[in-house]
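First the structure, in the form of structure tokens, and then the observations on it.
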Amino acid sequence: MRCVLDSSAALAWILPGEETAATDQLLLDVGLHGAVVPALWPIETANVLWTAERRGRITLAERTQALTILGELPIDVDERTATLAFGAISGLAAARDLTVYDACYLELALRLGLALASLDTRLCQAASAAGVPLVLRG
């Protein structure tokens, strides 16, 4: 099943000690069916990987490999995120008490009628309250 993929879920595939049977299954599902992400996802994900390398959690080789793997997955970047940031996304953030970053994922799931894959507890709670199905729950 295609889903909206949050960076916390994708990073669990890479960061030491984060993966579970559920995140492994998600990786298989994304490889087969693809995922959709808001335009901020590549930047957010790359930044977390860079921070993990700077802090010694992963090596340069691991970061490089992770970026290659993520770049090869069938993940579609939704370019409408930026155009909705000052309106629908900011309003959703306020209504659901989320960061604007997290509201990007929720707005995309709502707009496309897709389930959300996230390990972020607050985002998962807001998604459930909004009626968005969860593939992975934080």
Of all residues in the stretch 126-136, which are more than 9 Å from Asp102 (Cβ to Cβ), crowded, with 16+ Cβ neighbours inside 10 Å and free of Cβ contacts under 8 Å to residues at least 60 places away in the same chain?
-> Ala127, Val132, Leu134
Report whether or not Val77 is surrounded by 17 or more Cβ atoms within 10 Å (Cβ to Cβ) and either of a type in the set (Val, Ile, Thr) or farther than 22 Å from Arg111 by Cα (or both).
-> no
So which residues in the stretch 113-133 are in a loop (DSSP other than H, G, I, E, B) and among the polar types (S, T, N, Q), if there are any at all?
-> Ser118
For Ala103, which of the numbered conditions (1) free of Cβ contacts under 8 Å to residues at least 24 places away in the same chain; (2) out of contact with any Ser or Thr (no Cβ under 9 Å at 6 or more places or on another chain); (3) among the hydrophobic types (A, V, I, L, M, F, W, C) fails to hold?
-> (2)
Kindly indicate the residue of the stretch 36-66 that is outside any helix (DSSP H, G or I) and among the charged types (D, E, K, R) and also surrounded by the fewest Cβ atoms within 10 Å (Cβ to Cβ) among those meeting that condition.
-> Arg55
Scan the stretch 1-35 for residues that are more than 21 Å from Leu110 (Cα to Cα) and either in a helix (DSSP H, G or I) or β-branched (Val, Ile, Thr) (or both) and jot them down.
-> Leu11, Ile14, Thr20, Ala21, Ala22, Thr23, Asp24, Gln25, Leu27, Leu28, Gly31, Leu32
Under 7 Å between Cβ atoms, at least 6 apart or on separate chains: pull out the pairs that start in the stretch 45-73 with a residue that is modelled with pLDDT of 95 or more and end on any residue that is among the small types (Gly, Ala, Ser).
-> Thr45/Ser7; Thr45/Ala10; Val48/Ser7; Leu49/Ala66; Ile58/Ala52; Leu67/Ala46; Leu70/Ala10; Leu73/Gly31
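The values are calculated or read from the model by the stated rules, or taken from the named source; none is laboratory data. Here the structure is a predicted model, which means the values were calculated and not measured. Note that we place each Cβ from the backbone using ideal geometry, even for glycine, and neighbour counts take in every protein chain shown.
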